[in-house]
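Readers should treat all values here as calculations from the given coordinates under stated rules, not as data from a laboratory. Just so it is clear, the structure is predicted and the values come from calculations on it, not from any experiment. Don't worry about glycine lacking a Cβ; one is built from the backbone with ideal geometry, like all the others, and counts go over all protein chains shown.
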Amino acid sequence: MAVIARLESDTRAAARGWSDLTIRNIFILPTLAFLIVFNIFPLIYSLGYSFTDFRASVNDPVNFVGLQNYRELLNDPNIWRNFTVTAQYVIVSVGGQVIVGFGLALLLNRKIPFKGLITTLLLLPMMMSMAVVGLFWKLLYDPSWGIINYALGLGSFDWLSDPDVALYAVAITDIWMWAPFVMLLSLAGLSAVPQHLYEAAAIDRAGTWYTFTRITLPLVAPILIIAIIFRTMEAFKSFDLPFIMSGQPTTEMISIRLYKMAFQEWQTGRSSALAYIVLIVVLAITNIYVKYLNKVKER
Amino acid sequence: MLKKKWTALLAGAAMAFTVNAAAATELTIFWAEWDPANYLQELVNEYTAETGVTVTVETTPWSDFQTKAFTEFNAKGDAYDMVVGDSQWLGAGSTGGHYVDLTDFFNEHKLAEVMAPATVKYYAEYDGKYWAIPAEGDAAGWAYRKDWFEDPKEMEAFKAKYGYDLGVPEDYKQLRDIAEFFYRPDDKKYGIAIYTDNSYDAMAMGIESAVFSYGGDLGDYSTYKVDGIINSPENIAAVEMYKELYGFTPPNWGKVFFQEDNQAITENLAAMSMNFFAFFPALDNPALNPNAANTGYFANPKGPSGAQHAALGGQGISIVSYSQNKEEAMKFLEWFIRDDVQQKWADLGGYTCSQAVLKSEAFRNATPYNEAFYQSMFMVKDFWAVPEYAELLTAMNNRLYPYVVGGEGTAKEALDGLAADWNATFKKYGRM
């Protein structure tokens, strides 16, 4: 039936005189136009701004300043501090998500009652709005009535006002929210590992750790790296959680600095340059991961 | 017959056009989301009743206010005919061409004499011209728990400890002593609630209040000299005092603004709470504050040298250059500055800047906080109003927040760093 329907459809298109190429273009062109107008054009336009002293809030003439914005940003210790904070956050947050997410996947990758229900419940955090999660966790961390201090017996420990702890407190929230994402991908990877490999390992009396490091981990690694790539890119751009949860300079990630520079201080040219620096850093990190992913696949 | 039909049709079209033209006389005023905006909406409904011109007060949360307003300005959008903008926007609003020059209007109506001097200087004037009409006067003040202060046991214990009577603090030293006295974390009672939110100007305004009363300043607004002024000994002492006060705040007080500071009173958390007067009507409302009857108010206290000032809040109302209804907006302003309208504005809860209304006994006795507000409005000082004020604010937050809330470094290091940052900013924009 499906074949007949396709033939009829082909016939109708052919009757209108549309070639396959035309039909393909009809589908592709709107998307292409959308991407050009809303992605590529602003990208190129902002690249031009990054070489100027343009400020959107004033009527001053725009001057070409060459690489001055880039030079000043890269020599600004505050920007380096923002990058350091971001790197710390990415390492703690993504590291935590991988450990927790993969651990949960290993636990769920066996026959347990209500497995489907448990998996669904574990996925709930990542379906929530970032703003809601941020506000919700602020309450949980509250030193006066938050349940975290009560449960851990920490008295009135101030998670979000302590400059040394605030970043980790935000990272814990991010881990809670996004570890299920890593878990989901890891589960897909684990279920794809051929069972006969485990059977062969069992016949050879291989230990649990040996089986895990020589069979499970290498075979799940490609999909795990994809999860890490996604989460690293997202964590690097994190804005909502640290912005909502803490005002500490120790949680001012590069995205927050960029927002303030662009939309509070209206340093349009300079913030465009910073956006490009961030873009280059994210591309570089992603590239390293992708190269590693290809190596893993080749093994 | 045909001619009649055509005539009727044309008449109908003309009527439709007239109706549409009348419907088009609508004005939109943009402001932040807070009680005074609701009072303004009530006030402008009367303008609608008088003139038939619909006026809508459109609001957005404070955290979003500046970004949303300037995004619209930068796009030269006509969504807003008027904006009740922050005083520090005057530089960016005027030099950026976003505000209509109201100098002639101001002079014609002698508003420099009609409105309180500080409100004219800070809400309206920039670079020798007037860009706004003082609309909502405001200043940082304090609320306190009268029942805690007047408890005989507390009074006795306080006198025994500090050697003077417990009462409304006359200076910052007394403010500190009282905050320390009531700081009892084991009883979940705390001494004081101050602004610490560093996402916009909340913490900066709290610190300014201390700095100004300590006899300090932010810089020389005419020469842009900051070194030796922002990091003066007076300012260092004021910032050290602010940090000390932070030690007597409730837990998790590291990023708070007006809502939390009002909650400190409504939820029995603190003995004293800093806030702008515009937020005090909520504290005087028994439906919102169970302690309303026991809440008192006072102006920002003196510093060690006897100087007494307060950080300016409040806003002026400006006409947006890109509005399609500038003439109609001008007519609205003419109505708004009328004495009877200013009186009505005050009656509704708005903080009029009209000297006549402010000085009247009726106004000063209308609420428990109006007297303190009246006193404050004649001793206010403000932040920089230059176009690059946001960069100055960011630097202030970045330098002072880690010291006040995070306990990093010293006040002198923080203020020396701030002086260097501000110098660099002013040099960047060719002001020095």
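Note on residue A:121 and residue A:199: their simple-model spin labels are 3.4 nm apart, each label 7 Å out from Cα toward Cβ. Taking the square roots of five times each eigenvalue of the Cα gyration tensor of the range B:191-241, the equivalent ellipsoid has semi-axes of 21, 14, 8 Å, listed largest first.
Which of rounded, prolate, oblate describes the range B:193-325, given a ≥ b ≥ c as roots of the alpha-carbon gyration tensor eigenvalues and a/c under 1.5 marking rounded, otherwise prolate only if a/b is larger than b/c? It comes out oblate by the Cα gyration axes.
Among the residues of B:388-398, the average count of other protein chain beta-carbon atoms within 10 Å of the residue beta-carbon is 4. Local charge for residue A:144 was computed over the other residues whose Cβ lies under 11 Å away, with Lys and Arg +1 and Asp and Glu -1, and equals -2. The fewest-to-most ranking of B:201, A:164 by surrounding Cβ atoms within 10 Å reads A:164, B:201. Report note on the peptides A:151-157, B:163-169, B:211-217: ranked by the mean count of other C-beta atoms within 10 Å, highest first, their order is B:211-217, B:163-169, A:151-157.
Computed over chain B with a Gaussian network model linking Cα atoms closer than 10 Å, the most mobile of B:314, B:407, B:349 is B:407.
Can you tell me which of B:34-41, B:288-295, B:88-95, B:374-381 comes out highest on packing, and rank the rest after it, using the mean Cβ neighbours within 10 Å? Don't skip to the answer; put the middle values down first.
On the way: B:34-41: 19.6, B:288-295: 15.9, B:88-95: 24.2, B:374-381: 21.2.
The densest-packed peptide leads the list: B:88-95, B:374-381, B:34-41, B:288-295.
Kirkwood hydrodynamic radius, the range B:55-167, all distinct C-alpha pairs: what's the number in Å?
Numbers: mean 1/r = 0.0572 Å⁻¹.
Hydrodynamic radius (Kirkwood, Cα only) of the range B:55-167 equals 17.5 Å.
Charge dipole (Cα centre; +1 on Lys/Arg Cβ, -1 on Asp/Glu Cβ; no other charges) of chain A amounts to roughly 940 debye. Residues considered: A:186, A:93, A:19. Largest GNM mean-square fluctuation over chain A, using C-alpha springs under 10 Å, is found at A:19. Each 5 Å bin from 0 upward holds the following percent of the Cα-Cα pairs of chain A: 1, 5, 8, 10, 11, 12, 11, 11, 10, 8, 6, 4, 2, 1, 0, 0.
Separation of the alpha carbons by more than 26 angstrom is noted, of A:115/A:295; B:121/B:302; B:159/B:359; B:381/B:412; B:225/B:326; B:243/B:381, for A:115/A:295; B:159/B:359; B:225/B:326. Peptide A:243-252 is shielded by partner chain Cβ atoms: per residue, an average of 4 of them sit within 10 Å of its Cβ. Helix-only mean residue ellipticity at 222 nm, chain B, DSSP H runs n ≥ 4 weighted -39,500 (n - 2.57), per residue, nearest 500. What is it? About -14000 deg cm²/dmol.
Sort the protein assembly as shown into rounded, prolate or oblate with this rule: let a ≥ b ≥ c be the square roots of the eigenvalues of the Cα gyration tensor; rounded if a/c is under 1.5, and if a/c is not under 1.5, prolate when a/b is larger than b/c, oblate otherwise. It is oblate, given that a/c is not under 1.5 and a/b is not larger than b/c.
Give the shape of chain B as rounded, prolate or oblate, defined through the alpha-carbon gyration tensor: a ≥ b ≥ c are the square roots of its eigenvalues, a/c under 1.5 means rounded, and otherwise the shape is prolate if a/b is larger than b/c and oblate if not.
Details: a/c = 2.32, a/b = 1.64, b/c = 1.42.
It is prolate, given that a/c is not under 1.5 and a/b is the larger ratio.
Remark: C-alpha extents of the range B:328-393 on the principal axes read 41, 36, 16 Å, sorted largest to smallest. Only beta bridges with both residues in the protein assembly as shown are counted; by DSSP, about 60 percent of them are antiparallel. For chain A, the 222 nm mean residue ellipticity estimated from helices alone, with every DSSP H stretch of n ≥ 4 adding -39500 (n - 2.57) and the total spread over all residues, rounds to -23000 deg cm²/dmol. Separation of the alpha carbons by more than 28 angstrom is noted, of B:129/B:255; B:68/B:428; B:189/B:344, for B:129/B:255; B:189/B:344. Using the Cβ-Cβ distance between residue B:58 and residue A:290 with R0 = 41 Å, the FRET efficiency computed as 1/(1 + (r/R0)^6) comes to roughly 0.30.
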